[in-house]
Amino acid sequence: MAAPVELAPGVDAMLVTDHAAALRVLHSPELFAKDPRRWLALADGTVPADSPVVPMMMHRPNALFSDGAEHLRLRQAVTDSLDRIDPYQLRRFVERSSDYLVDQWSGAGTVDLLNSYAKTLPLLVFSELFGSPPELGDRLVAGIAGIFDAVGDAEAADRMLTGALIELVALKREQPGADVTSWLMAHPNRLTDEEMIHQLVMLMSAGTEPQRNLIANGLRLILSDERFSVSLFGGGASVEDALDEVLWTDPPMANYAVHYPVRDVDLAGVPLRRGTPVVISFAATNSDPALFANGRRPNNRSHLAWSAGPHACPAKDSAWLIATAAIEKLLNRLPDLELAVPVSELDWRPGPFNRALTALPARFTPVAPRSAARPADPAPARPAAPERPDPGARKGGVWSSFLNWWRGQ
């Protein structure tokens, strides 16, 4: 049901592992609040401010960490802006990003699919969606990775991420465009610069780190399970089937959705003290035996990988599209792709929150880069390449390199 855990040295919490109990927490904002300023142990100094888990749990004025009317105001701005994303244009951009990345190593015959594909593709996609100039891309991703790992200097990573987003907001105030940052800025709910920065922290964090885990965990399953590796191109199991299973068995966020009881409360017989962090284990709740009739998992998407209730993931449709398109495109380019090591030898990153591999080595028959193999072919339909200011951009940065490749097609 719920049990005491230590998220980091000196950071106590209650972990919910029962599906029904998790739904009660997620659907009861009157009993379980999201605002971390209710976290008593952080407020009184019991938990040090430099604890590695604090950046993932601390208060920010964004939709994830707010309640009531303020949550509704911020979430409406976020969902309205995300709804403006054209799914067809997004799929085309994912496919072009995939082509670019595969072209970088397709002649080698070996690749780390995590660090050379799943990690980098969301960076390209979200740099485009958020209108990020190339000189900010590496700082954004390094900051996000630092706070998700909850190891090392997470406080410095948080400063890096926030600083880069301050620059992005200032740029978009001067030069708005057709991007999520500008749409948030122009929303009738009139977000302040501080609110803008923290909505972007939320969206960038949710859109890059968990997204890479979803893509990598999906590829791991497809390349290691004959239900998918044998039948994928024979009319059997699909990429969507594989991703559905990953969301059940290896959700990108294994544990998160931190809530705080507004008063002492009983949860399925377990007493929870006011102001104690209550963490939902998505991985555990998805494997709750109560869900499995006759030992079989439900044939639906009732898992909690996207969370539930008023704080359910607002971008799950885009995340699903990105992961599906990224995997389908990769497998179409490299149909004989296979793992280079036994699946039992793959390692997982440390940290209490995510379900993330350290690497995903694979091999395949080398092929010539598509852009080099067919230089005279017309470029496929794509959104107009944005003209972004890039003074001072670091040469060799992934976003600036991608833009140069794009413009050369």
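The values are calculated or read from the model by the stated rules, or taken from the named source; none is laboratory data. None of these values were measured; they are calculated from a predicted model. So basically every Cβ, Gly included, is an ideal-geometry build from the backbone, and we count neighbours across all protein chains shown. Protein only, heavy atoms only, side chains kept; ligands, DNA and RNA dropped before computing areas. Shrake-Rupley method; radii C 1.70, N 1.55, O 1.52, S 1.80 Å.
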So what J values fall out for the range 66-83 if you push phi through Karplus, 6.51 cos²θ - 1.76 cosθ + 1.60 with θ = phi - 60°, rounded to Hz, Gly and Pro as x? 10, 9, x, 5, 5, 4, 4, 5, 6, 5, 4, 4, 5, 5, 4, 5, 5, 5
How far is it, in nm, from the label point at S344 to the one at L72 when both lie 7 Å from their Cα along the line to the Cβ? 5.5
Contour minus Cα-Cα distance for E194 and E240 (0.36 nm per residue): 12.8 nm
Measure off 7 Å from each Cα along the Cα-to-Cβ vector at A142 and D35, then give the distance between these two points in nanometres to one decimal. 3.6
Along Cα→Cβ, 7 Å out, is where each label goes; now give me the distance between the ones at R159 and H59 in nm to one decimal. 2.2
Rounded accessible area per residue of the range 232-328, 1.4 Å, Å²: 42
From phi via Karplus (6.51, -1.76, 1.60), per-residue ³J(HN,Hα) for the range 171-184 in Hz, x at Gly/Pro: 5, 6, 4, 8, 9, x, x, 8, 8, 4, 4, 5, 5, 4
Within 10 Å, count the other beta carbons around each residue, average over each peptide in 318-324, 156-162, and list them highest first. 318-324, 156-162
Which length gain, in nm to one decimal place, applies between R296 and T358 when the Cα-Cα distance is subtracted from 0.36 nm times their residue separation? 19.3 nm
In Hz, Karplus ³J(HN,Hα) per residue of the range 260-267 (6.51, -1.76, 1.60; θ = phi - 60°; x = Gly, Pro): 9, x, 7, 7, 4, 9, 9, 10
With the label point 7 Å along the Cα-to-beta-carbon line of R273 and a cut-off under 16 Å to each amide N, the hits in the range 1-42 are 3-7, 10-15, 38-42
Whichever aspartates and glutamates have a C-alpha closer than 12 Å to that of K172, once near sequence neighbours (fewer than 8 apart) are set aside: D193
